[in-house]
Amino acid sequence: PMGAGLGGGSSDAVAFLKLVNERFELNISWGELNHYAKQLGSDTVFFTANRPSYVSGRGENCELIALDLSKYFIAIVHPGIHVGTAEAYAEVTPKQAEFSLEKITELPVGEWKEKIKNDFEGPIFKTHPAIKNIKEKLYSLGAVYASMSGSGSAVYGIFDKRTNLKTEFKDCRVWEGRCDW
């Protein structure tokens, strides 16, 4: 959904590039596809590979990483709140991270809660406390890690075991599934 922090517009743009490449048998290489994707938006490059990646810059630098989440279940909860990208960026103050995400593969998922922070959460949670409540509830329901996705408003949780959160978040859109990477 738009304004959910899930890269919907960017992923749609890349899906269209891939569709045109396949449908018209253009045989555009992955590198060329990345070049075209960069022309469409800052974070589109991630969606050309659609694999765990370390993304830097404005989103145009994307390096694949070996992150295995296949034993976990992921839940995404979208409260139907639209958070505009411009709104989110206007409220966040960039600062050097205490923990480099380049080292995420060295850190057990159970330790992410103490090390990995989404700087958008502070200002967005003040404006939209319902989003903060979702994150807190995911932790209370057993998430080993939970975070707002990107600039908001969807919140995801990583669980050790299968969940059934649709009854817990009746007023939200909920997706649950196993990670395949």
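The values are calculated or read from the model by the stated rules, or taken from the named source; none is laboratory data. These numbers were taken from a predicted model, which means no experiment stands behind them. Using ideal geometry, Cβ is built from the backbone for each residue, glycine included, and neighbour counts are taken over all protein chains shown. We work out accessible area using only protein heavy atoms, side chains counted, and drop any ligands, DNA or RNA first. Shrake-Rupley method; radii C 1.70, N 1.55, O 1.52, S 1.80 Å.
Quick check, is Ala15 open to solvent by less than 90 Å² (accessible area, probe 1.4 Å), small (Gly, Ala, Ser), under 30 Å from Ile124 (Cβ atoms) and out of contact with any strand residue (DSSP E or B) (no Cβ under 6 Å at 6 or more places or on another chain)?
Values: open to solvent by less than 90 Å² (accessible area, probe 1.4 Å): yes; small (Gly, Ala, Ser): yes; under 30 Å from Ile124 (Cβ atoms): yes; out of contact with any strand residue (DSSP E or B) (no Cβ under 6 Å at 6 or more places or on another chain): yes.
The answer is yes for Ala15.
Of all residues in the range 41-77, which are open to solvent by 30 Å² or more (accessible area, probe 1.4 Å), farther than 27 Å from Ile134 by Cα and not in a loop (DSSP other than H, G, I, E, B)?
Ser56, Asn61, Cys62, Glu63, Leu64
Suppose we filter the range 41-65 for residues that are in contact with a Lys or Arg (Cβ under 9 Å, 6 or more places away or on another chain), aliphatic (A, V, I, L, M) and over 10 Å from Val14 (Cα atoms); how many remain?
Total meeting the criteria: 2.
Quick check, is Gly110 among the small types (Gly, Ala, Ser), under 24 Å from Ala66 (Cα atoms) and assigned to a helix (DSSP H, G or I)? Step through it out loud before you land on a result.
Numbers: among the small types (Gly, Ala, Ser): yes; under 24 Å from Ala66 (Cα atoms): yes; assigned to a helix (DSSP H, G or I): yes.
When the stated conditions are applied, Gly110 passes them.
Go through (1) buried (at least 16 other Cβ atoms within 10 Å of the Cβ); (2) farther than 18 Å from Pro1 by Cβ; (3) touching a Gly at 6+ places or on another chain (Cβ under 9 Å) and name the single condition Lys132 misses.
Condition not satisfied by Lys132: (3).
With acidic (Asp, Glu) and modelled with pLDDT of 95 or more as the only criterion, which of Glu98, Glu106, Glu102, Glu121 stands out?
Only one candidate qualifies: Glu121.
Name the residues in the range 65-74 that are out of contact with any strand residue (DSSP E or B) (no Cβ under 9 Å at 6 or more places or on another chain) and without any contact (Cβ under 8 Å) to a residue 60 or more places away in the chain, would you? Outline the logic, then answer.
Going through the range 65-74, the residues out of contact with any strand residue (DSSP E or B) (no Cβ under 9 Å at 6 or more places or on another chain) turn out to be 66, 68.
Scanning the range 65-74 gives a single hit, Ala66.
So which residues in the range 93-114 are under 22 Å from Arg51 (Cβ atoms) and open to solvent by 90 Å² or more (accessible area, probe 1.4 Å)?
Glu102, Lys103, Glu106
Hey, can you tell me all the residues within the range 20-33 that are part of a helix (DSSP H, G or I) and either more than 14 Å from Ala49 (Cα to Cα) or in contact with a strand residue (DSSP E or B) (Cβ under 8 Å, 6 or more places away or on another chain) (or both)? Explain how you work it out, then say what you get.
Step one: list which residues in the range 20-33 are part of a helix (DSSP H, G or I), which gives 20-23, 30-33.
If the condition is that a residue be part of a helix (DSSP H, G or I) and either more than 14 Å from Ala49 (Cα to Cα) or in contact with a strand residue (DSSP E or B) (Cβ under 8 Å, 6 or more places away or on another chain) (or both), then Val20, Asn21, Glu22, Arg23 are the ones that fit.
Give all pairs with beta carbons closer than 8 Å in which a residue from the range 45-64 that is under 18 Å from Leu6 (Cβ atoms) meets a residue that is assigned to a helix (DSSP H, G or I) and at pLDDT below 85; count only pairs at least 6 apart in sequence or on separate chains.
Qualifying pairs under 8 Å: Cys62/Ala49.
Give me the pairs: first residue in the range 14-43 and among the polar types (S, T, N, Q), second residue open to solvent by less than 100 Å² (accessible area, probe 1.4 Å), beta-carbon distance under 7 Å, and six or more apart or on different chains, which are they?
Short answer, once both residue conditions are applied: Asn21/Ile28; Asn21/Leu33; Asn34/Val45; Asn34/Thr48; Ser42/Gly59; Ser42/Glu60.
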